[in-house]
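Peer 1: Sharing a structure below in structure tokens format, with a few things to ask.
What follows draws every value from the coordinates through simple rules; no lab data is involved. All values derive from a computational prediction rather than experimental measurement. Ideal geometry is used to build each Cβ from the backbone, glycine not excepted, and the neighbour counts take in all protein chains shown.
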Amino acid sequence: MICSPSLPPNSSTRCSADHAPMSIISFSHVAKKYPGDVTALSDVSMEVAEGELVYLAGPSGAGKSTMLKLIAGIERPSAGVLLVSGQDMRKLSRATLPYLRRKLGLILQQHQLLRDRSVLQNVMLPLLVSGSSVKEAEQRARVALERVGLGDKVTLLPQALSGGEQQRVSIARAIVHRPRIILADEPTANLDRASGKLVIDMLQAFNAAGATCIISTHDERLLQNADRVVLLDRGRVSVMRDADSEVGA
Ligand code: ADP
């Protein structure tokens, strides 16, 4: 069992064996194989409590993106049990996925912003797809863009913005529906130091406002002040570190 020794006995939100009720994400002996017999994850067990900020660290190819894709329902576990907000991800039906996605904000490595739509339209899109009126979508998209400091850039096309600003548009698009869980895959990759810091500050602010955040990174600098780090090595959890302890897996 992987469990933080710093927690009192009745505070078992990070223990992998008991599926504590406060966990919003629970990996129990999860494995993921891709076609071609590529093992991306082996026997991963960890819990994420509601409201936590967790960094997934490890070198390229360690399995960080795969963990995020499993949580997002983009990929399915090959073995083990993964619960996201109580949903068993191996049993997730096509019909249920959109409901789960409404609880998730995804910030993927490629911004995937639409180049022929304005910044505002890009951020409105997920709301329109999930049935909001144009008026409501516009209002909420403007608020989200204000929150990432881009309130004055709403009419521009994404390619008119810097890399850091484009990443902030993708953050606005990810949080516009006020998700409970934010998943960010290497959100500072390809950004200069100042832009990267701004992006991390924003994610921390959403976390402080109550969202559970999981951020993958191979940037050691981000980890220095992190409360909780899960280090992956070739598909396995090698170390879990939290504010005052380090536990080898
Ligand atoms: P990281 O995000 O830490 O760089 P990934 O989760 O992207 O790691 O990849 C973990 C392993 O899974 C790597 O060996 C990678 O090549 C492999 N992999 C990732 N996606 C696929 C895929 N769609 N098909 C086959 N192998 C994949």
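Peer 1: Regarding the range 104-178, what is the average projected area of its C-alpha convex hull, in nm²?
Peer 2: Projected area, direction-averaged: 4.4 nm².
Peer 1: Binned at 5 Å from 0, what are the whole-percent values of the Cα-Cα distance distribution for the chain, short to long?
Peer 2: 1, 6, 13, 18, 19, 16, 12, 8, 4, 1, 0
Peer 1: Quick check: pseudo-label points 7 Å beyond the Cα along Cα→Cβ at residue 139 and residue 221, how many nm apart are they?
Peer 2: The two pseudo-label positions are separated by 4.1 nm.
Peer 1: List nothing, just return the count: lysine pairs in the chain, 8 or more apart or interchain, with Cα separation under 14 Å.
Peer 2: Number of lysine pairs found: 4.
Peer 1: Separate question: Using amide H atoms built in the peptide plane, which far-off residues or other-chain residues are under 5 Å from residue 53 H to H?
Peer 2: 213
Peer 1: What does the charge dipole of the chain about its Cα centre add up to, to the nearest 20 debye, if the Cβ of each Lys and Arg holds +1 and the Cβ of each Asp and Glu holds -1?
Peer 2: 840 debye
Peer 1: Tell me the mean residue ellipticity at 222 nm calculated for the chain from its helices only (DSSP H runs of n ≥ 4, each -39500 (n - 2.57), averaged over every residue, nearest 500).
Peer 2: -8500 deg cm²/dmol, from helical runs alone.
Peer 1: Quick check: net charge around residue 34, other residues with Cβ under 12 Å of its Cβ, Lys/Arg +1 and Asp/Glu -1? Write down the numbers at each step before the final one.
Peer 2: Numbers: positive: 32, 33, 69, 76; negative: 37, 75.
Summing Lys/Arg as +1 and Asp/Glu as -1 gives +2.
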